[in-house]
Amino acid sequence: MAPGRRLKRVVASQPGFINLKSTSDPGSGRRKRVNKNKKKSWNKHSDINDVDAFLEDVRHQERTTGGLLSEKSDDSLFFLDIGQPKKPEPKVAEPVEGKKRKGKTSRPLRIDLILQHDSLIQPPKDVLAYQQPNAKKLRRIGQKAEQLAAKGVVPRRQKQLLNRRPVNRTAKKAVTEANNNPDRDYYDIWGQESKDQGDSWYLQQTGKKLVKRPEKLNEKPSVLPAVEVIAPGGSYNPDFFSHQALLQEAHKVEVKRQKEEDKIERQLAVNREDTATEETILREQVEGLVEEENEEEAPPNEEEEDVAVGAISLADKKTERQRKKERADKIKAQRRLANRRHNDQRQQLFQLRSIKASIKQQDQKTMDKQTQRKANEEAQKAQPRRLGKLKFQAQDMEVQLSDELAGSLRQLKPEGSVLKDRFKSLQKRNLIEPRERAKFKRRLKLKYVEKRAFREIT
């Protein structure tokens with residue numbers, strides 16, 4: 001043990017020694033050592049009361065005086081007391097209409113004082129309130145507009161504003177007529193025409209102007225009527241001649257259909273002469289396999305070889321005399337051709353009558369072709385167009401034979417279907433594309449099972 005510590009203990013054990021430190025004080029013992037290398041221990045064992053008190057004092061000064069007192073000037077903190085100010089001389093009261101309440105001036109209500117902001121600190125600046133959508137883009141557009149204005153270029157929108165029709169401000173507004181006026185004009189509420197009142201450019205920019213309907217939408221897809229009336233021969237009690245005319249038309253349709261079927265059969269028919277027999281099959285199989293003995297390889301001809309070699313030799317060079325002769329012949333041929341053309345043109349002067357006749361005949365042919373083309377176009381409008389992968393198949397004519405005619409409506413046998421007739425009419429008028437019934441194809445094979453009850457009976 002150290003000699004100093006032993007001496008203190010010996011002195012403290014003497015009866016006359018007075019200890020200055022109280023043993024009842026909790027802080028009299030050894031100070032607790034705390035490790036403050038972690039944030040949790042630092043916050044737990046750190047005393048920040050003095051910092052909080054300082055910050056609270058600063059906030060209080062800011063709320064009451066609008067800032068720190070140490071930063072305020074002397075004039076704002078102190079004032080010079082010179083006594084009570086003199087009362088101003090009373091002015092002559094001017095006569096005021098009505099009576100005023102005697103006593104003190106009106107003060108704000110208590111509820112208004114409570115709602116007032118009692119802090120002198122300015123509210124924080126709201127950054128979002130100063131932001132503008134697309135500010136960078138608008139700033140760039142403004143800069144470009146200033147550059148164009150400096151150059152003297154007028155933007156397109158400003159040109160439209162300058163070219164607008166001036167509005168007549170002095171024109172009086174039309175007075176709306178009363179509904180019970182019998183002389184007022186009739187207005188169709190379901191009419192297609194709309195009356196645009198106001199400037200057309202203003203109506204277009206505000207979206208109040210109706211879009212112009214394309215003329216193509218007003219055209220019908222077909223010129224055929226929705227309901228086609230059958231010929232008089234299709235009546236339940238028709239005239240003899242009209243019935244025969246209808247039968248003749250149905251006969252023509254059947255004959256045309258039969259001719260098309262016969263044409264297909266002829267195209268698909270097999271010619272018996274082209275059919276293969278056993279002899280032709282054997283001949284095709286042994287073709288090129290059997291060599292004929294009479295054929296012998298002929299030796300190559302020596303003259304042909306000489307001709308082939310001679311063809312490679314270069315042609316002889318032309319002399320100057322030959323070149324001049326060729327040039328003269330070429331000039332003569334050109335002159336001869338020019339003289340022939342000149343004679344032909346002179347000869348045409350005597351053929352003006354025939355030329356006029358041929359031109360007139362050619363113009364007549366052109367007009368006939370144009371008329372025929374227009375007639376074909378008009379006839380094509382009544383025909384169904386190709387809207388899908390299938391062609392339009394006309395419905396069978398509903399006609400009765402002479403022996404099937406009934407004398408009254410009670411004995412009349414119904415023919416055809418109204419639903420099918422309407423469906424074909426829509427296809428014929430190019431409203432829907434021709435269709436066919438979807439074919440059902442069974443994926444799994446049917447399996448027949450004989451039940452026990454049926455087996456017992458049989």
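The values are calculated or read from the model by the stated rules, or taken from the named source; none is laboratory data. If you're wondering where the values come from, they're calculated on a predicted model, not measured in any experiment. Cβ coordinates were reconstructed from backbone atoms using ideal geometry, including for glycine residues, and neighbour counts include every protein chain displayed.
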Pairs returned, first residue in the range 417-434 that is touching a residue at least 40 places away in the same chain (Cβ under 8 Å), second residue that is assigned to a helix (DSSP H, G or I), beta-carbon separation under 7 angstrom, 6 or more apart or interchain, are I432/L426; P434/Q427
Kindly evaluate V270 against the criterion of being at pLDDT below 85, under 60 Å from the mean Cα position of the chain (by Cα) and either not β-branched (V, I, T) or not in a helix (DSSP H, G or I) (or both).
yes
When the range 203-222 is checked residue by residue, the ones that are loosely packed, with under 10 Cβ neighbours inside 10 Å and closer than 22 Å to L426 by Cα are K216, L217, N218, E219
Restricting the range 34-90 to residues that are polar (S, T, N, Q) and surrounded by 10 or more Cβ atoms within 10 Å (Cβ to Cβ), the one modelled with the highest pLDDT turns out to be Q61
Given (1) modelled with pLDDT of 80 or more; (2) more than 30 Å from Q395 (Cα to Cα), E177 misses just (1)
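Rundown of residues vs (1) surrounded by 10 or more Cβ atoms within 10 Å (Cβ to Cβ); (2) part of a loop (DSSP other than H, G, I, E, B), yes/no style:
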site	(1), (2)
K356	yes, no
T371	yes, no
E377	no, no
L390	yes, yes
M397	yes, yes
E415	yes, yes
F423	yes, no
V449	no, yes
If you go through Q322, Q258, the only one that is at pLDDT 85 or above, under 60 Å from the mean Cα position of the chain (by Cα) and of a type in the set (S, T, N, Q) is Q258
